[in-house]
Amino acid sequence: MCEIETQVVVIGGGATGVGILRDLSMRGIPALLLEQGDLAHGTSSRFHGLLHSGARYAVKDAKAAQECIEENKIVKHIAAHCIEDTFGWFVYLKGDDPGYLQLWLQGCDQAGIPVKEVPLEEAFRLEPLLSRQTARVFEVPDATVDGFKLLWANVKSAEKYGGSYRTYCKVKSLWLENKDIKGVYAEDLITGEMIQVRSKIVVNAAGPWSAEIAAMSGFDVHMLKNKGSLLVFNQRMFNRVINRLRTPGDGDIFVPHETVTILGTTSQMVDLPDDNQVREQDVSYLLEMGKDLAEGIEQHRVLRAFAGIRPLYESEDASEHEGRGVSRNFALIDHEKRDGVHGLVSIVGGKLTTYRLMAEKVTDWAAARLNVTTACRTAEEPLHHELPADVWNKARQLLGAAAADKMMERLNEEAASVIAVIEKQPELGQFICECEMVTQAEVLHALQDPAVHSLDDLRRKTRLGMGTCQGTYCTYRSTPMLKDAFGSWERTLKEYRILISERWRGITPVLWGDQLRESELARALYLNVLDFKAVESEE
Amino acid sequence: MWDAIVVGGGLAGWTAGIRAAQRGKKVLIVTEGVGTLYYFSGIFDYGDLESLRHLPKHPYSLFDAEAIDRGKHFIQELCPEYIETNKSQHALTVLGTARQGDLMPRSMVLPNHQEQGSFVLLVPEGLKDFFPEIVVSNLVREFPGWQVNVKRVHAENFGEWQRMGKSASGIDYAAIWRSKEGQNLLAQEIEAIKREHQGAGSRSGKIAVVLPSLVSEYFDASRTKTYVQDYSLPVIEMSSFLPSPHGRYFAEYLKHQFTDLGGELMIGARAAALNGKPMSAKQPKSCQEIIVQSMGKVLHLKAKKFILATGGLLGGGIKVGIERKLIQEDVFDLPLYVPQEWSTSQFFASQPFAQIGVETDKCLRPLDTNQGRVIWDNVHVVGRMLAHWDPWTQRCGGGVSVTSGCAAAEII
């Protein structure tokens, strides 16, 4: 058994967990984050990628709205490279409830969310696909956020301040002695080794898995697991976030990301924290709702469907217990107060927009117990660094502006070394992934990261396989690098199969039109041209 | 008035058009684009004929053994380099793994695994989507008794391009290998390999040069020179990656074959509808003309027979609308067999949606899916438009397309 000693163990490598790790590290508190899969494999990458302005909660949840607008400003400042400041529109359709409109305007005003009405003619000019049933349009400071980039940026920053993390490391039990937390026992899922981590504090930030973690020692964190399904269109249909101005419901938000648009979101209670298969009826439902906001939605190609689990906290006094009725506000559960256990805290609920605030609250709590008085600086210190102009120029000269900018955003400070490699060996500037413009040099760089254990990890780090071809060509193109990294031909084929199967899971609910054609092409390539052996269907 | 109009310029459409023209018929091929031949590995797969022919509705069940043989002979007459032996023959994929194949060019056929010898993999510099190290390691595994060496070949045509770090595709290289300079370059390289091999004093064991994609001229559309193997060592071609040089030159070759026989061709034209009337209440209908949109014009084209070869899902002949609410055959609006289950959870398994297509009688005439009656008397459906098969898991894409294309032409 491997033994590790630290001050704080953070369970969960989602946005909240890495935010906590960064905050602890910046305050000089030694901390170790344990994640059962890869970073960002759960809810933090399985959402619409909206950085809320708070306007969506303006009527129902004034507290959430206020937190959102404050954090919106902060995150735009500290993580500009993860944000596209698109602004968002709230669209009021003919026949929508005028009473709600008034409440919404008041709510935004009270929360301090700036609202500006956009004249209809201008709105149709700026967003040609906007439904012609639109009656009024209001602009708010919504933005889009790349959950992967945000997570990686937090981790990199945390590491710089001495924090560390281990992926594929599953917590098996909490280590308690006489109602004192002593640490955790975990298993390294790659090597099978058991790990004993001694710590003064354990933070349960496991999102949809939080209840399971708390239950390991018999504590009850009553959480609702709410599945949200989303669709990805292969075009940028809108340039702004488009919300429906009504009580937040299903299928009423379009969020543009780079070259795609995400339509979300459904809401369905589920039992398992990883029940993220999208059903065909979810797709139909989303398309039906999306039709209200977008003209000619059926003309557009749907690339894939995906789903994430919202970890909604059900507080004891919540009057409603279903789906959207529960507050999206987060809660910090001090298990000392609740269960008489020293040193254990659960952070539950919340949303990505408020990840930093949640981290700050947890870190304040931990710092108080450890008698650390250093103040929180995460609201001021940026996550990214401005790169020198010559690095930018070199990158653009070698790769072209579009590809260079994408790479710089993904890699930030690490970009300089990748650019140097491409300068020395220009052929490494060739694209492995033409959709997301990922170069060979960038893939080689990512593969050096000890936290990349599989092709699927590589996908999350580089966006390889996330574009229009959904892994058909880029998987093939990464063959020699995979073989070098993973060692054998059998393993390389296995990684191919895992990635393509994972992509297939998201394609099958939307298997029609051009996406179906693309899938036939992928089958022709793998089963014929590359002679992969067909498998017997299990069904 | 044509004897036949073929809609679609893929393998099945070209086969039907050329075969009918060979039989002295007046034929027009109307095609929107280049078809899916650009995904052609260079090998015609026939699959396990015996078991596939006994699947109740498989397209092979529509044909007798002679019809299948006629298709094979058609290809072999067209391209004498394509051979088939009694034993199973193998060719290399672009990854260097051995794949079984039925009709393939002589220059693709791999030597016997039991033999001994040495391969020299000739690697064109900067060839896109080609991984020499992977090919070498797979070759070593597939052929334990063989030595494998690598030699790089530099084509100055791409020099400046490659110094900038750019790659050249297999199609670019195939064009070089077909030029005089390219052939000389290859001949020199191969001669050098031969000398080196002799110089190294190695035993007189077999030696073969392996080259990615198309290097030989068996699809010589100009037909100015007869194909000869004039390299000093045997050359083994690997099958093609996408976009496929074999597909490109084969399509060009078919086009010339067809037009040389007097066939007429309309490219960039989209068949959109048809006019026809029932012969009598209970008889199948007869199609008089199809309506074709070409360069902004609408043309009414008349023929005695029509052959539908629009390539199914991948070729674009079957359109599947959003949420699969509308699934259509585009030209004649033929009824389609649509499977109940649509897909399976495993990508690499046989997919039900692949079975979508038109059900026909033995004369390839479309059937009403409910009552099994022939709908059009003079429309014949070929290739990927036929229902109840999966070219990728059953490995019979070339076989069904060639056989049905030929069979349709025989009826014209």
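The values are calculated or read from the model by the stated rules, or taken from the named source; none is laboratory data. Since this is a predicted model, take the numbers as computed values, not measurements. Cβ: placed from backbone, ideal geometry, glycine included. Neighbour counts: every protein chain shown.
Exactly one residue out of A:Leu464, A:Leu516 is facing another protein chain (nearest Cβ under 8 Å) and either part of a helix (DSSP H, G or I) or over 19 Å from B:Ala354 (Cβ atoms) (or both), and it is A:Leu516.
What do you reckon, is A:Pro509 within 23 Å of the chain's Cα centre (by Cα), under 23 Å from A:Glu280 (Cβ atoms), more than 8 Å from chain B (Cβ to nearest Cβ) and not hydrophobic (A, V, I, L, M, F, W, C)? Full working, then the answer.
Numbers: within 23 Å of the chain's Cα centre (by Cα): yes; under 23 Å from A:Glu280 (Cβ atoms): yes; more than 8 Å from chain B (Cβ to nearest Cβ): yes; not hydrophobic (A, V, I, L, M, F, W, C): yes.
Yes; evaluated as a whole, the condition is true for this residue.
For A:Glu423, which of the numbered conditions (1) out of contact with any Ser or Thr (no Cβ under 8 Å at 6 or more places or on another chain); (2) more than 14 Å from every other protein chain (Cβ to nearest Cβ) fails to hold? Only one criterion is unmet by A:Glu423, namely (2). Within segment A:159-180, if we keep just the residues that are out of contact with any strand residue (DSSP E or B) (no Cβ under 7 Å at 6 or more places or on another chain) and charged (D, E, K, R), the residue that is nearest to A:Gly19 (Cα to Cα) turns out to be A:Glu159. Pairs, please: C-beta under 6 Å, at least 6 apart or cross-chain, first residue without any contact (Cβ under 8 Å) to a residue 60 or more places away in the chain and in segment B:370-390, second surrounded by fewer than 21 Cβ atoms within 10 Å (Cβ to Cβ)? If the second residue must be surrounded by fewer than 21 Cβ atoms within 10 Å (Cβ to Cβ), the pairs left are B:Asp390/B:Ser350.
Restricting attention to helices (runs of 4 or more DSSP H) lying wholly within segment A:53-126, give those where 3 or more residues are assigned by TED's automatic domain parsing to the domain that holds A:His257. Counting at least 3 such residues, we get A:98-111, A:120-126.
Could you tell me which residue of segment B:356-393 is surrounded by the fewest Cβ atoms within 10 Å (Cβ to Cβ), considering only residues that are in a loop (DSSP other than H, G, I, E, B) and of a type in the set (Ser, Thr, Tyr)? Walk me through how you get there before you give the answer.
Looking only at segment B:356-393, we keep the residues that are in a loop (DSSP other than H, G, I, E, B), and these are B:356, B:359, B:361-365, B:368-373, B:375, B:377-378, B:382, B:387-393.
Next, only the ones that are of a type in the set (Ser, Thr, Tyr) stay: B:369, B:393.
Working: B:Thr369: 15, B:Thr393: 21.
Top of the filtered list is B:Thr369.
Give the residue that is nearest to the other protein chains (Cβ to nearest Cβ), with candidates limited to residues of segment B:356-397 that are among the charged types (D, E, K, R) and closer than 17 Å to B:Gly8 by Cα. My answer is B:Arg384. Each residue in segment A:366-394 was checked for being surrounded by 15 or more Cβ atoms within 10 Å (Cβ to Cβ), part of a helix (DSSP H, G or I) and at pLDDT below 95, and 3 of them qualify. Given the structure, is A:Gly95 of a type in the set (Gly, Ala, Ser) and at pLDDT 95 or above? Spelling it out, it is not the case that A:Gly95 is of a type in the set (Gly, Ala, Ser) and at pLDDT 95 or above. If only residues of segment A:191-226 that are modelled with pLDDT of 95 or more and of a type in the set (Lys, Arg) are counted, the one that is surrounded by the fewest Cβ atoms within 10 Å (Cβ to Cβ) is A:Arg198.
Given the criterion touching a residue at least 60 places away in the same chain (Cβ under 8 Å) and closer than 30 Å to A:Asn243 by Cβ, identify the matching residue among A:Ala186, A:Ala214, A:Ala158, A:Ala205. Selected residue: A:Ala205, the only one of A:Ala186, A:Ala214, A:Ala158, A:Ala205 that is touching a residue at least 60 places away in the same chain (Cβ under 8 Å) and closer than 30 Å to A:Asn243 by Cβ. Taking (1) at pLDDT below 95; (2) surrounded by fewer than 23 Cβ atoms within 10 Å (Cβ to Cβ) in turn, B:Leu261 satisfies each apart from (1). Among the residues of segment B:277-322, those identified as away from every other protein chain (no Cβ under 14 Å) and outside any strand (DSSP E or B) are B:Met279, B:Ser280, B:Ala281, B:Lys282, B:Gln283, B:Pro284, B:Met295, B:Gly296, B:Ala309.
Screening the candidates A:Ala451, A:Ala441 for the property of being in a helix (DSSP H, G or I) and either more than 8 Å from chain B (Cβ to nearest Cβ) or under 30 Å from B:Ile356 (Cβ atoms) (or both) yields one hit, A:Ala441.
Table: residues versus (1) surrounded by 15 or more Cβ atoms within 10 Å (Cβ to Cβ); (2) in the same structural domain as A:Gly19 (by TED's automatic domain parsing); (3) more than 25 Å from the chain's Cα centre (by Cα); (4) more than 20 Å from A:His257 (Cα to Cα).
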{"site": "A:Leu130", "(1), (2), (3), (4)": "yes, no, yes, no"}
{"site": "A:Thr134", "(1), (2), (3), (4)": "yes, no, yes, yes"}
{"site": "A:Gly163", "(1), (2), (3), (4)": "yes, yes, no, yes"}
{"site": "A:Val171", "(1), (2), (3), (4)": "yes, yes, no, yes"}
{"site": "A:Asn178", "(1), (2), (3), (4)": "no, yes, yes, yes"}
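Out of the residues in segment A:274-294 meeting the condition of being charged (D, E, K, R) and surrounded by fewer than 16 Cβ atoms within 10 Å (Cβ to Cβ), tell me which one is nearest to the chain's Cα centre (by Cα). So that I can check it myself, show each step before the final result.
As a first pass, look at segment A:274-294 and keep what is charged (D, E, K, R): A:274-275, A:279-280, A:282, A:288, A:291-292.
Still in the list and also surrounded by fewer than 16 Cβ atoms within 10 Å (Cβ to Cβ): A:274-275, A:279-280, A:288, A:291.
Working: A:Asp274: 15, A:Asp275: 16, A:Arg279: 21, A:Glu280: 23, A:Glu288: 25, A:Lys291: 26 Å.
Here the answer is A:Asp274.
Within segment A:459-497, track down each residue that is at positive phi and either within 27 Å of the chain's Cα centre (by Cα) or modelled with pLDDT of 95 or more (or both).
The first filter runs over segment A:459-497 and keeps only residues at positive phi, leaving A:463, A:465, A:470-471, A:487.
The answer is A:Arg463, A:Gly465, A:Gln470, A:Gly471.
Comparison of B:Ala407, B:Ala354, B:Ala349 shows that the only residue that is out of contact with any helix residue (DSSP H, G or I) (no Cβ under 9 Å at 6 or more places or on another chain) and closer than 21 Å to B:Pro56 by Cα is B:Ala349.
The set of residues in segment A:490-506 being under 17 Å from A:Leu447 (Cβ atoms) and surrounded by fewer than 17 Cβ atoms within 10 Å (Cβ to Cβ) consists of A:Arg491, A:Lys494, A:Ile498. Out of (1) more than 14 Å from chain A (Cβ to nearest Cβ); (2) surrounded by 14 or more Cβ atoms within 10 Å (Cβ to Cβ); (3) more than 26 Å from B:Arg19 (Cβ to Cβ), the odd one out for B:Phe353 is which? Going through the list (1) more than 14 Å from chain A (Cβ to nearest Cβ); (2) surrounded by 14 or more Cβ atoms within 10 Å (Cβ to Cβ); (3) more than 26 Å from B:Arg19 (Cβ to Cβ), B:Phe353 breaks only (1).
Got at least one residue in segment B:2-18 being within 14 Å of chain A (Cβ to nearest Cβ), buried (at least 17 other Cβ atoms within 10 Å of the Cβ) and among the aromatic types (Phe, Trp, Tyr)? Looking for residues that are within 14 Å of chain A (Cβ to nearest Cβ), buried (at least 17 other Cβ atoms within 10 Å of the Cβ) and among the aromatic types (Phe, Trp, Tyr), one finds none in segment B:2-18, hence no. B:Trp342 falls short on exactly one of the conditions (1) within 24 Å of B:Leu37 (Cβ to Cβ); (2) among the aromatic types (Phe, Trp, Tyr); (3) assigned to a loop (DSSP other than H, G, I, E, B), and that condition is (1).
Would you pick out the residues in segment A:467-484 that are in contact (Cβ under 8 Å) with a residue 60 or more places away in the chain and within 14 Å of chain B (Cβ to nearest Cβ)? Walk me through how you get there before you give the answer.
To start, the set of residues in segment A:467-484 that are in contact (Cβ under 8 Å) with a residue 60 or more places away in the chain comprises A:467-468, A:470.
Hit for segment A:467-484 is A:Gln470, nothing else.
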